[in-house]
Amino acid sequence: MVNQNLKLIFLGPPGSGKGTQGNRIAKELKLDFISMGDILRKEIKERSKLGKEVSNYVESGKLVPDKLILELIEKQVDRAKSSDYKGFILDGFPRTLEQANGLKNITEIDKVIYLKCNIETIVKRLSARRTCPKCARVYNLVTNLPRKDELCDDCGVKLEHRVDDCESVIRKRMEIYETSTSPLLGFYASQLNVIDADLGIEAVYRKAKEAIV
Ligand code: AMP
């Protein structure tokens, strides 16, 4: 039986599968999937004021300032909590201790799913990663191919390779993950469920599901 109002964080380095697994599990459990990276990329694509403010950070793999991110997440969580609210999965947030402390003032969290992954797996995965610009579904040209050419199975739209998924930016993002985000493992120690994310997609999915339901 699935807990109602499930509030989850998917934590892990870039490329550990937070988006792939989080999206799938959110759909299945009818939870809102809140991906901070997707929200920022949408703003950049629409050339909004916020998009212009954050594009340099996102494209070079640096973290967007905490204040901005906390304002965004508060709005998203409020929206998720309205009407037929069943809970949410947060992907790519929080990424700093300041963000985690800010989140405490916005909502409580039930579980943190930590996708533990080694750097060489990450570089390999992200270099082959492709994303649907319309629905943000994630594919991999080696392990998780779309059915047709490089088109999204759901939208039929041409998949994109993110500008920050090149090796030099991936390594920069990993450095930032180590210094700024990995301290969250201590912060959430009592709620942490560790999953070996070097395994294949289906094995990680099963283990993450077991940890959640
Ligand atoms: P992601 O799609 O999660 O890999 O995020 C892509 C980029 O968006 C990151 O490299 C950052 O530049 C920015 N970003 C996403 N989430 C956050 C966050 N919680 N705090 C600061 N910057 C973020």
Report task. Using a Gaussian network model of the chain whose springs link C-alpha atoms within less than 10 Å, name the residue from Leu11, Leu90, Leu185 with the highest mean-square fluctuation. Result -> Leu185
Query - Options Cys152, Gly22, Ala203, ranked by Cα towards positive dipole end of the chain, top entry (Cβ charges) - result: Cys152
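To the nearest µm²/s, what D does Stokes-Einstein give for region 58-195 at 10 °C and 1.306 mPa s, using the Kirkwood radius over alpha carbon pairs as Rh?
Values: Rh = 17.0 Å.
Estimated diffusion coefficient is 94 µm²/s.
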**Report entry** Residues of region 6-212: accessible area per residue with a 1.4 Å probe, Å²
**Finding:** 50 Å²
Query raised in the report: Could you name the aspartates and glutamates in cross-link range of Lys86, using Cα to Cα under 20 Å and dropping any fewer than eight places away on the same chain?
Result: Glu28, Asp32, Glu74, Asp78, Glu108, Asp110, Glu210
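What percentage of the solvent-accessible surface of the chain, computed with a 1.4 Å probe over protein heavy atoms, is contributed by carbon and sulfur atoms?
Working: 5510 of 11010 Å².
Ligands and nucleic acids excluded, carbon and sulfur give 50 percent.
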Query raised in the report: With every protein chain present, what accessible area does Lys86 have (1.4 Å probe, heavy atoms only), rounded to the nearest 10 Å²?
Result: 80 Å²
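Could you give the DSSP H helices of the chain that reach 27 angstrom or more along their long axis (alpha carbon positions) and whose average Kyte-Doolittle hydropathy is no lower than -1.0? Walk me through the intermediate numbers first.
Numbers: long enough: none.
Length and hydropathy pass: none found.
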Requested in this report: Find the relative contact order for region 6-212 and round it to a whole percent, using C-alpha pairs within less than 8 Å whose residues are 6+ positions apart.
Outcome: 30 percent
Query raised in the report: Which of Asp32, Asp84, Asp66 moves most in a GNM of the chain, Cα contacts under 10 Å?
Result: Asp84
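With 25 Å as the limit, write out which pairs from Lys75/Lys134; Lys18/Lys172; Lys45/Lys104 have Cα-Cα distances beyond it, or answer none.
Details: Lys75/Lys134 22 Å; Lys18/Lys172 19 Å; Lys45/Lys104 30 Å.
Table pairs above 25 Å Cα-Cα are Lys45/Lys104.
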Query - Cα centroid separation, region 1-40 to region 60-127 (Å) - result: 9 Å
Requested in this report: Pick out which of Val157, Val123, Val77 has the largest mean-square fluctuation in a Gaussian network model of the chain, springs linking Cα atoms closer than 10 Å.
Outcome: Val157
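The values are calculated or read from the model by the stated rules, or taken from the named source; none is laboratory data. Fair warning: this is a prediction, and the values are worked out from it, not measured in the lab. Here Cβ is always computed from backbone atoms with ideal geometry, including for glycine, and neighbour counts include all displayed protein chains. With ligands, DNA and RNA removed, areas are computed over all heavy atoms of the protein, side chains included. Shrake-Rupley method; radii C 1.70, N 1.55, O 1.52, S 1.80 Å.
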